[in-house]
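The values are calculated or read from the model by the stated rules, or taken from the named source; none is laboratory data. Predicted model, so just to flag it, every value in this text is computed and none were measured. With ideal geometry, Cβ positions are generated from the backbone for all residues, glycine too; neighbour counts draw on all protein chains shown. The area values use the complete protein model at the heavy-atom level, side chains included, leaving out ligands, DNA and RNA. Shrake-Rupley method; radii C 1.70, N 1.55, O 1.52, S 1.80 Å.
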Amino acid sequence: MTDHRYSNVVDLFTGKPIETSASRRFIRLSPELDGLEMLYSNSSSGADLYSLKILCWGLRANGEIVGLVPWLNSIVPCCEIKDPLDGRFEGYYDPGIEEIFREPPIHKIVELETAAEYFEYESNKADEVLQEIPDTIGTHAVFMDADRENLTLTEVVSWRLYASGEIHGMLIDHDHVETTPVLPGDLCLYPAQESGEFRYFFQHHIANKIKSEDPEALAAIAALVTAP
């Protein structure tokens, strides 16, 4: 099996491999289709834990595999969520058997490593699309206009992995739709993160509360999008 680790770059003093931005970039994604979740806590949760559905699992060039979730204004590795105020990673969770675990499941490790070996491809173009997966957890992008008066929620259709390792949420530009349904890879899709009015990603249960004008949800989103 191909070794994706950049073991030839080492620290002169320790002799250990040096983690570079290239070695930590994502090279392959695998959608989470069995309902596994991320557990997290924050400064106000006490002993309680909250959960978010995992979007997918990602393989880095250095061989590391992590769960990924839409979090605030980007998609982030679960294990890197460490802010006590906004959230702190507490583990992965299988609600079917009520099991908490810290490492990615073995079947996802095998799937990603096998797929990376089969599709192994190096690109020198950072904006080249390596892979695109559908959004399966109901993610919505939140937009606020320049005057901070109008709030818009838009469903994320897919997530596009670029050769740079960046992952962007793809939305429908309805002025350019030629055929329906709109599927991942369609030319009418554009990255949410490239819009100046983009603010945050929310999963469907929060988005539905905002759509139904739930007072607490509206107050929370208002505080987020108007923050400097």
### Task
Tell me which residues come under 5 Å, amide H to amide H, from D135 once H is placed; ignore anything under 5 positions away on its chain.
S158, W159
### Summary
Taking the reciprocal of mean 1/r across every pair of different Cα atoms in the stretch 52-194, the Kirkwood radius in Å is 17.0 Å
#### Entry: Lys/Arg +1, Asp/Glu -1 at C-beta; the stretch 115-185 dipole; positive extreme among S164, G138, A116
G138
### Task
Could you please put E98, E120 in sequence from largest to smallest accessible area, using a 1.4 Å probe?
E98, E120
### Query
In percent, how large is the relative contact order of the stretch 65-109, given Cα pairs closer than 8 Å and 6 or more residues apart?
28 percent
### Message
Need one value: the accessible area of D145 in square angstrom, 1.4 angstrom probe, rounded to the nearest 10.
### Response
30 Å²
### Task
Could you pull the accessible area for I106 with a 1.4 Å probe, rounded to 10 Å²?
120 Å²
### Query
If contacts are Cα pairs under 8 angstrom and at least 6 residues apart, what is the relative contact order of the stretch 39-156 in percent?
20 percent
### Task
Please get the size of the charge dipole for the stretch 128-185, origin at its Cα centre, with Cβ charges of +1 on Lys and Arg and -1 on Asp and Glu, quoted in debye to the nearest 20.
220 debye
### Message
Based on alpha-carbon centroids, what's the gap between the stretch 142-176 and the stretch 44-105 in Å, whole number please?
### Response
22 Å
### Query
Rank K125, K53 by accessible area, highest first, at a 1.4 Å probe radius?
K125, K53
